[in-house]
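As structure tokens, the structure follows; a few thoughts come after it.
The values are calculated or read from the model by the stated rules, or taken from the named source; none is laboratory data. Bear in mind the structure is a predicted one, so any value in this text is a computation, not a measurement. Backbone-built Cβ (ideal geometry, glycine too); neighbour counts: all protein chains shown. Ligands, DNA and RNA are stripped out before the accessible areas are found, and what is left, the full protein with its side chains, is counted by its heavy atoms. Shrake-Rupley method; radii C 1.70, N 1.55, O 1.52, S 1.80 Å.
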Amino acid sequence: DGGITQSPKYLFRKEGQNVTLSCEQNLNHDAMYWYRQDPGQGLRLIYYSQIVNDFQKGDIAEGYSVSREKKESFPLTVTSAQKNPTAFYLCASSMAGGAVHEQFFGPGTRLTVL
Amino acid sequence: GQNIDQPTEMTATEGAIVQINCTYQTSGFNGLFWYQQHAGEAPTFLSYNVLDGLEEKGRFSSFLSRSKGYSYLLLKELQMKDSASYLCAPCTSGTYKYIFGTGTRLKVLA
């Protein structure tokens, strides 16, 4: 079955540590996205990538970094520079090019920084 | 600038009809999505409108007026499982970026 996976589902880290969240898709989608969601809030775009080896900052990129070395994978690193990293992180993917396409979401990773 | 406005919370009774409104202002517009999100889960796609008018999909319908920057999601024959947040997301032209609203939390009561 095609889909998008994120791991782990829950993650705990100490303040000051970097942490990397995994996102993998086997939908053959060119575009991938990372969002952050805080309680009672909408989704805010962190980074997105339309093609391998290329990515753009979203609205709240400070304190985060990404890579896109493979089409299937778009890991997100939450660095110690991110002031309030505790949140629910969602990865999504979509087809790219031409028309607008729906985004498919992974199950999310809930990060808690202690 | 970009701005999306949805009611924060709505309550309705099982079997009833509810309309969730969304107004938006975006720099460039290329269609609007509605997503459903149950608590603690990922959003799932409900509908997409790019032209003015009503799109119907079973119990769910979505309407768009581009000139007014307005959309609504209509849910009929409400069921308990429809209790969720509903996210309005216009898509900006020239990019693949969606702008998500804060969502409307719908509670369906027995």
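Here are a few things to note about the model shown:
- Phi to ³J(HN,Hα) by Karplus 6.51 cos²θ - 1.76 cosθ + 1.60 over the stretch A:28-42, Hz, x for Gly, Pro: 6, 7, 7, 9, 9, 9, 10, 10, 10, 10, 9, x, x, 10, x
- Among the cysteines of the protein assembly as shown, those with no neighbouring cysteine Cβ under 4.7 Å are B:91.
- Annotation note: trypsin sites (Lys or Arg not before Pro) in the stretch A:19-114 located in DSSP loop regions with a Cβ neighbour count of at most 10 within 10 Å are A:83.
- The loop-placed GluC sites (Glu not before Pro) in the stretch B:39-110, going by DSSP, that have at most 12 neighbouring Cβ atoms within 10 Å of their Cβ come out as B:77.
- Taken along the Cα-to-beta-carbon direction at a fixed 7 Å, the label points for residue B:38 and residue A:81 span 3.9 nm.
- Accessible-area ranking of A:32, B:10, largest first, probe 1.4 Å: B:10, A:32
- In whole percents, the pair-distance distribution calculated for the protein assembly as shown from its alpha-carbon pairs, binned every 10 Å from zero, is 8, 33, 35, 20, 4, 0.
- Space enclosed by the convex hull of the alpha-carbon atoms of the stretch B:1-100, per residue, Å³: 99 Å³
- Selection from A:81, A:97, A:60, by position along the positive dipole direction of the stretch A:10-114 (Cβ): A:81
- Charge dipole magnitude, Cβ of K and R +1, D and E -1 - chain B, Cα centre, debye nearest 20: 120 debye
- Computed from phi, the 3J(HN,Hα) profile of the stretch A:47-58 under the Karplus parametrisation 6.51, -1.76, 1.60 (θ = phi - 60°) reads 8, 9, 9, 9, 7, 4, 6, 9, 7, 10, 6, x Hz, with x in place of Gly and Pro.
- Here is the list for the stretch B:1-68: trypsin sites (Lys or Arg not before Pro) lying in DSSP coil, each with at most 13 other C-beta atoms within 10 angstrom of its C-beta, are B:59, B:68.
- Dipole magnitude (debye, nearest 20) for chain A, charges at Cβ of Lys, Arg, Asp, Glu: 380 debye
- Ranked from largest to smallest solvent-accessible area, with a 1.4 Å probe on the protein heavy atoms, A:54, A:38 come out as A:54, A:38.
- ³J(HN,Hα) computed for each position of the stretch B:65-74 - Karplus, 6.51 cos²θ - 1.76 cosθ + 1.60, integer Hz, glycine/proline x: 10, 5, 5, 9, x, 9, 9, 9, 10, 10
- Surface/4 estimate of mean projected area, convex hull on alpha-carbon atoms of chain A, nm²: 7.0 nm²
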